[in-house]
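The values are calculated or read from the model by the stated rules, or taken from the named source; none is laboratory data. Only a predicted model underlies this, so the values are computations on that prediction, with no experimental measurement involved. Cβ atoms come from the backbone with ideal geometry, glycine included; neighbour counts cover every protein chain shown. For accessibility, only protein heavy atoms count, side chains too; no ligands or nucleic acids. Shrake-Rupley method; radii C 1.70, N 1.55, O 1.52, S 1.80 Å.
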Amino acid sequence: MLLLAIAVAAFLSTFAGGLLALKLHDKLHLILGFSAGAVIGVAFFDLLPEAIEFGGRIHAPAAVLACAALGFLSYLVLDRVVSFHGDAAPRGRFAAGVLCVHSLLDGVAIGLAFQASHAVGIVVAIAVLTHDFSDGINTMNVVLKNGGDRSRAMSWLLLDAGAPVVGIAATALFRLPAEGFGMILALFGGFFLYIGASDLIPESYHAHPKLLTTVMTLVGAAVLYFVVRVVG
Ligand SMILES: [Zn+2]
């Protein structure tokens with residue numbers, strides 16, 4: 001029952017973030033700046049610490065971070081392949097797809113945490129619910145910025161908002177070893193650093209090289225630090 005409520009909240013949080021990004025479309029560079037900081041914040045303050053915590057039970061922290069580097073570099077290679085023809089749309093679909101898989105894993109993380117214990121479950125659920133809002137913003141942004149229209153961005157947002165629900169439901173069916181899950185989180189930490197640093201930061205800044213854009217990126221990272229490390 002509690003898991004069902006969390007699943008609904010995850011959906012609503014993601015969806016609300018996406019709608020906000022759509023509504024503020026004319027201020028896209030500022031929202032992109034925020035997104036860039038938020039994506040990097042999720043990587044540094046949520047995914048990587050959790051990866052080290054879960055994966056560190058059997059792997060050295062250096063091995064977990066090497067897995068994050070593998071994520072970063074493999075995303076770089078895939079991104080080059082996908083955007084080889086110079087058309088932005090496949091790049092947007094690819095990034096949105098990665099965000100959706102990430103949101104699916106957010107749901108899996110909640111389910112697994114509740115399998116571990118009720119208290120751990122609550123902590124992970126708070127961390128996920130608070131950053132889901134930025135997941136929604138980010139999904140909307142990667143599609144819009146790569147030339148996607150509103151309806152396409154909306155379809156991706158619905159998929160992204162539904163993904164944690166599916167992830168939570170899936171954990172009712174299987175048990176995943178925490179160590180292996182740690183390495184998957186590290187991989188996604190690498191993906192997120194790449195999306196933030198190579199896609200969202202330059203995109204938010206090059207057409208609007210303003211102090212405010214930079215401030216928004218710092219704010220994005222700071223907000224994620226606060227919601228994941230202080231509130232969570
Ligand atoms: Zn997430």
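Annotations
- Any hit, segment 135-145, residues being away from the ligand (no atom under 15 Å from the Cβ), modelled with pLDDT under 80 and more than 15 Å from residue 11 (Cα to Cα): no
- Boolean, residue 200 is modelled with pLDDT under 90 and touching a Ser or Thr at 6+ places or on another chain (Cβ under 9 Å): yes
- The condition of being assigned to a helix (DSSP H, G or I) and surrounded by 15 or more Cβ atoms within 10 Å (Cβ to Cβ) holds for residue 46.
- Of all residues in segment 189-230 being open to solvent by 80 Å² or more (accessible area, probe 1.4 Å) and either in contact with a helix residue (DSSP H, G or I) (Cβ under 7 Å, 6 or more places away or on another chain) or polar (S, T, N, Q) (or both), the one that is farthest from residue 54 (Cα to Cα): 212
- Filter pass, residue 198 being part of a helix (DSSP H, G or I) and free of Cβ contacts under 8 Å to residues at least 12 places away in the same chain: no
- Selection over segment 203-232 of residues that are free of Cβ contacts under 8 Å to residues at least 12 places away in the same chain and closer than 24 Å to residue 103 by Cβ gives a count of 2.
- If you go through segment 93-120 and keep only what is more than 15 Å from the ligand (Cβ to nearest atom), assigned to a helix (DSSP H, G or I) and free of Cβ contacts under 8 Å to residues at least 24 places away in the same chain, you end up with 94, 118, 119, 120.
Conditions tested, residue by residue: (1) open to solvent by less than 20 Å² (accessible area, probe 1.4 Å); (2) over 18 Å from the mean Cα position of the chain (by Cα).
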{"site": "81", "(1), (2)": "no, yes"}
{"site": "93", "(1), (2)": "no, no"}
{"site": "96", "(1), (2)": "yes, no"}
{"site": "114", "(1), (2)": "no, yes"}
{"site": "122", "(1), (2)": "no, yes"}
{"site": "128", "(1), (2)": "yes, no"}
{"site": "144", "(1), (2)": "yes, no"}
{"site": "155", "(1), (2)": "no, no"}
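- Test: residue in segment 166-175 that is closer than 22 Å to residue 12 by Cα, in a helix (DSSP H, G or I) and either touching a Phe, Trp or Tyr at 6+ places or on another chain (Cβ under 9 Å) or open to solvent by 70 Å² or more (accessible area, probe 1.4 Å) (or both): yes
- Residue 59 fulfils the conditions (1) farther than 25 Å from residue 205 by Cα; (2) more than 16 Å from the ligand (Cβ to nearest atom); (3) assigned to a helix (DSSP H, G or I); (4) open to solvent by 10 Å² or more (accessible area, probe 1.4 Å) except for a single criterion, (3).
- Contact map, segment 178-190: residues that are of a type in the set (D, E, K, R) paired with residues that are open to solvent by less than 40 Å² (accessible area, probe 1.4 Å), Cβ distance under 7 Å, separation 6+ or inter-chain. Pairs shown: 179/54; 179/55.
- Filtered residue count, segment 72-92, keeping only those that are of a type in the set (Phe, Trp, Tyr), at pLDDT below 85 and either in a helix (DSSP H, G or I) or within 14 Å of the ligand (Cβ to nearest atom) (or both): 0
- When segment 176-188 is filtered for residues that are in contact with a helix residue (DSSP H, G or I) (Cβ under 8 Å, 6 or more places away or on another chain) and outside any helix (DSSP H, G or I), only 176 remains.
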